[in-house]
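Just so it is clear, none of the values below were taken in a lab; they were calculated from the coordinates. It should be emphasised that the depicted structure is a prediction, and the values quoted were computed from it without experimental measurement. Virtual Cβ from ideal backbone geometry, glycine too; neighbours counted across all protein chains shown.
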């Protein structure tokens with residue numbers, strides 16, 4: 001296979017300089033965004049807390065805990081907002097070393113992937129997390145809920161839903177661009193499920209295990225949906 005047409009013979013120092021330039025831009029954007037988000041994070045976090053657990057009071061067990069929560073919240077929200085810009089900078093850095101079909105694949109998946117991630121994020125925030133936490137807390141005897149543990153676990157679930165919702169799109173595009181085909185996805189289905197089961201069960205999301213189960217069920221549903229879409233496309237060809 002021939003080299004990519006835009007590939008250039010660059011010295012290692014030039015590669016490092018180019019990477020440093022793009023990472024610096026990303027860092028400046030992230031620091032600026034985190035600063036703004038931290039300033040407005042107090043009211044946003046309170047609204048997020050009451051969305052999660054209803055009218056249960058919020059308990060902070062150390063002086064630094066609330067600052068850490070706000071900083072984590074600001075960082076994650078900044079990542080969500082700046083994701084298209086971060087990916088764009090990284091794509092420009094990697095572009096000269098990519099083959100044309102790889103460039104087309106990335107261009108085809110980036111915007112739809114981001115929009116689906118936002119949809120999964122929104123779905124988890126509006127429906128899945130409130131339902132799961134309400135179910136988990138209904139029979140809970142815990143009088144005090146740690147703000148750090150409860151909110152951090154909710155963050156994990158938000159990102160899990162955002163990422164897992166993108167699975168069908170990634171599978172379809174990988175097949176279309178001859179990266180991974182339908183037969184490979186199908187033959188590796190069970191091993192992939194076992195790996196995800198091991199990963200999810202080792203992530204602490206809540207004390208009942210409901211959110212771990214929901215994450216696993218969502219992954220399986222999205223993977224099966226991807227396989228179904230690939231079968232439909234194959235039959236239509």
What's the angle, to the nearest 10 degrees (0 to 90), between helix 12-53's Cα axis and the longest principal axis of the chain? 30 degrees
For the chain, just the Cα atoms, rotate onto the principal axes and tell me the three extents in Å, largest first. 65, 46, 26
Cα-Cα pairs of segment 150-206 separated by more than 13 Å (percent): 69 percent
Can you put 160, 13 in order, fewest other beta carbons within 10 Å first? 13, 160
Contour minus Cα-Cα span, residue 114 to residue 39, at 0.36 nm per residue, comes to 24.4 nm
Would you list 213, 105 from fewest to most Cβ contacts within 10 Å? 213, 105
Once both label points are put 7 Å beyond Cα along the C-beta direction, the residue 88-residue 72 separation in nm becomes 3.1 nm
Measuring from the longest principal axis of the C-alpha atoms of the chain, the long axis of helix 167-176 (C-alpha) lies at a number of degrees, nearest 10, equal to 0 degrees
Please list 178-185, 68-75 highest first by mean number of surrounding beta-carbon atoms within 10 Å per residue. 68-75, 178-185
Provide 127, 219 in ascending order of the number of other Cβ atoms located within 10 Å of each residue's Cβ, fewest first. 127, 219
Got a sec? Which residues in segment 145-189 would a label at residue 107 touch, if it sits 7 Å along Cα→Cβ and we count backbone N under 16 Å? 177
Hey, what angle do you get for helix 147-164 against the long axis of the chain, alpha-carbon based, 0 to 90 degrees rounded to 10? 30 degrees
